[in-house]
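Have a look at the structure below before the remarks.
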Amino acid sequence: MDNEEDIFEADEDQPDEQSSFPILILAAGSSTRMGKSKQLLEINGQPLLRHTVNLALACGTGDVIVVLGSGEQVHTDLVKELPVHTVINHYWKSGIGSSIKTGLHYLVREVPEAKGIIILVCDQPELTSDHLASLVETFLRTGKSIIASKYDGTAGVPALFSRAFFSNLLIIADDHGAKKLIEQFPDQVITVDFPGGAMDLDTPDDYKRYLEQK
């Protein structure tokens, strides 16, 4: 881990609270494999992006930041009436890492009191508010720096990163996601089971399979 923790170290005199962990939703991609915007797919009677934002708001862990890119105007319209921060990543084509950095730069500037960040993508339709809250609960209970979701034999997002890892996230390669840090620092990781986490909506077949199982 980089030796820049003094920049982002939380004030140890401040108590940890459930509301000190903002959520960063990565939704800037163009859904190439889906052939149309996955953010607009209907899930439980609402567009997938709005569905994801609503469950992030419902868990109450902190501010919700949505990073948009491709189709930014139509996607902004989906959430403009909700109490979220929208940030545009103009370099979204370079990869998901660029969206992580765009969102985290905003967070460091606008939510400086954050003790950590929960990073998630918007295409896991089985995600629940309870699961997001469990990441924070596990962090507070164990003191581990990375709390990742476990599914399909792997550890991935949604994942909570403590403030000490902000420096690492800010230098992540554009074409790498949060999973890269999870793999790089296994001794800092603890996982929380995420039933249904392996279901992500990348292709029309994925969406068809999801609808058939509901």
Inset, instruction - Select from the range 85-129 the residues that are of a type in the set (Asp, Glu) and either outside any helix (DSSP H, G or I) or out of contact with any Asp or Glu (no Cβ under 9 Å at 6 or more places or on another chain) (or both) and write down the one among them that is surrounded by the most Cβ atoms within 10 Å (Cβ to Cβ). - result: Asp123
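Do we have any residue at all in the range 70-78 that's within 16 Å of the chain's Cα centre (by Cα) and at pLDDT 95 or above?
No: zero hits.
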Inset, instruction - Answer with yes or no whether Pro195 is out of contact with any helix residue (DSSP H, G or I) (no Cβ under 8 Å at 6 or more places or on another chain) and farther than 25 Å from Leu40 by Cα. - result: no
Legend entry - Test set (1) touching an Asp or Glu at 6+ places or on another chain (Cβ under 9 Å); (2) surrounded by 17 or more Cβ atoms within 10 Å (Cβ to Cβ); (3) under 26 Å from Asn89 (Cα atoms) - Tyr210 fails condition number: (3)
Inset, instruction - Considering each residue of the range 169-198, count those that are out of contact with any strand residue (DSSP E or B) (no Cβ under 9 Å at 6 or more places or on another chain) and either among the aliphatic types (A, V, I, L, M) or farther than 22 Å from Gly116 by Cβ (or both), and give that number. - result: 6
Inset, instruction - Would you mention how many residues in the range 181-205 are free of Cβ contacts under 8 Å to residues at least 12 places away in the same chain and buried (at least 17 other Cβ atoms within 10 Å of the Cβ)? - result: 0
Inset, instruction - Can you tell me which residue within the range 54-83, out of those that are part of a loop (DSSP other than H, G, I, E, B) and of a type in the set (Gly, Ala, Ser), is farthest from Glu126 (Cα to Cα)? - result: Ser70
Legend entry - Test for Lys38: is it farther than 30 Å from Ala164 by Cβ, basic (Lys, Arg) and surrounded by 21 or more Cβ atoms within 10 Å (Cβ to Cβ): yes
Legend entry - Selection within the range 30-53 - part of a loop (DSSP other than H, G, I, E, B) and either of a type in the set (D, E, K, R) or touching a Cys at 6+ places or on another chain (Cβ under 9 Å) (or both): Arg33, Lys36
Inset, instruction - Please work out if Leu132 is under 15 Å from the mean Cα position of the chain (by Cα) and part of a helix (DSSP H, G or I). - result: yes
Inset, instruction - Quickly run through the range 145-179 and pick out the residues that are surrounded by fewer than 17 Cβ atoms within 10 Å (Cβ to Cβ), basic (Lys, Arg) and in contact (Cβ under 8 Å) with a residue 40 or more places away in the chain. - result: Lys150
Legend entry - Sole residue being modelled with pLDDT of 95 or more and among the β-branched types (Val, Ile, Thr), chosen from Val111, Val53: Val53
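The values are calculated or read from the model by the stated rules, or taken from the named source; none is laboratory data. None of these values were measured; they are calculated from a predicted model. Reconstructed Cβ throughout: ideal geometry from the backbone, glycine too, with neighbour counts over all protein chains shown.
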